[in-house]
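Throughout, read-outs are computed from the coordinates displayed, never taken from laboratory work. Values in this document were obtained by computation on a predicted structure and should not be read as measured data. Backbone-built Cβ (ideal geometry, glycine too); neighbour counts: all protein chains shown.
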Amino acid sequence: MRAAVEPSVSGEGNLKPLIAKVATGAALTEQEAEDAFGIIMSGAATPAQIAGLVMSMRVRGEVVAEMVGAVRAVRARMLAVAAPEDAIDVCGTGGDHAGTLNVSTAVTFVVAGLGVPVAKHGNRALSSRTGGADVLQALGVHTDIPPEWLSTVLRRAGSTFLFAPRHHAAWRHAAGVRVELGTRTIFNLLGPMANPARVRRQLAGVFDPVWLAPMAQTLGRLGSTHVWLVHGMGLDELTVAGQSQVVEFAHGVQRAFSVSPGDVDLPVSPIEAIRGGDATENAAALLALLHGEAGAYRDTVLLNAAAALIVAGRVGDLRSGVAMAAGSIDSGAAMAALDALRRETAAVPVVAGR
């Protein structure tokens, strides 16, 4: 476990020159963006200054250099977790407001059951009815274990859950502004790019396809090895309802393409077929899936798990990934991965008052 740090801030915490620059429509450099978000996360900026900066960037349109600098500032201050070199993350930006069943959480157990270490970054419900933390708690997984135990849980169980507010405490300085603004800002893009385990391989869903290429480029400049940024017909994940858009960054090369369920012989199902409910309902659906229940939820999870297996370097194509993912479920390996996470998180202390 590496403790979060509060690096010194240049310019004596003065955000005003940087606000003045973005107000003209100019973009910040990587270093300027890193300085700006360092000032914000150190608590040295006023709410009005934070709002002025992020809304000027939003109106003009955030650029890759600004995202790179902002992510560097976030990573420098996060409570980091040691993880194996081949660990992956499967998460999304949220913000699609679709209220679907928990896809990336189910994918976690499917790929962990195949021996892929998963350091899943997530939160409680923000833009959906049931977030990753909510459904995991309903499944009997302790999500509030002391941070120093997370690496041990990952090693023993094959997966772990990294509760975002615990690892990104410095974001509290912008929390009130984000609530009061009530609209999307650069902060909505940063979460999937600031995994506390510093994974270099990930499947990340994006709420708006316009951000697929910029986020892939950002992650590439930050040292990622293999990532898929995906958007499926309004969802921040691959969908079996129709065509999904993908931007892949792999070993220095970026490319864009589309994926359809027919490509891997999965049936087309409407998004409504995976509409979710509260944490109890979503947990029951996830358990039924892991016990072999067929349907649109399973098909969606198989497609996304196949992409995760490509990112992890375990398969070379989606068709092979779907077959391997189905084997994880049908053999009971995915269910065993959930049981392992339950067991290992129950074996360590829970933080009082959480």
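If you plug the beta carbon distance of L287 and A323 into 1/(1 + (r/R0)^6) with R0 = 25 Å, you get a FRET efficiency near 0.65. Taking the charge dipole of the stretch 88-345 about its Cα centre, with +1 at Lys and Arg Cβ atoms and -1 at Asp and Glu Cβ atoms, the residue from L303, L222, G313 reaching farthest to the positive side is L222. Scoring 269-277, 138-146 by mean Cβ neighbours within 10 Å over their residues and listing the highest first yields 138-146, 269-277. Put simply, the amide H of A197, placed in the peptide plane, has neighbours under 5 Å in V81, leaving out anything fewer than 5 places away on its chain. Segment T29..R156, full-extension length gain: 41.5 nm, with 0.36 nm per residue of separation and the alpha-carbon distance subtracted. Rounded to the nearest 20, the Cβ-based charge dipole of the chain about its Cα centre (Lys and Arg +1, Asp and Glu -1) stands at 680 debye. Available extension along the chain between V268 and N14 is 86.1 nm, counting 0.36 nm per residue and deducting the alpha carbon span. Under 5 Å from the amide H of L266 lies no amide H of any residue 5 or more positions distant or on a separate chain, with H modelled from the backbone and absent for Pro and chain starts. Charges on Cβ only, +1 for Lys and Arg, -1 for Asp and Glu, centred on the Cα centroid of the chain; of M335, L154, F109, which one is farthest towards the dipole's positive end? It is L154.
Each residue, R184 and A346, gets one label point 7 Å from its Cα in the Cβ direction; the gap between the two is 4.1 nm.
Label reach from T46 (point 7 Å along Cα→C-beta): in the stretch 167-181, amide nitrogens under 15 Å belong to 177.
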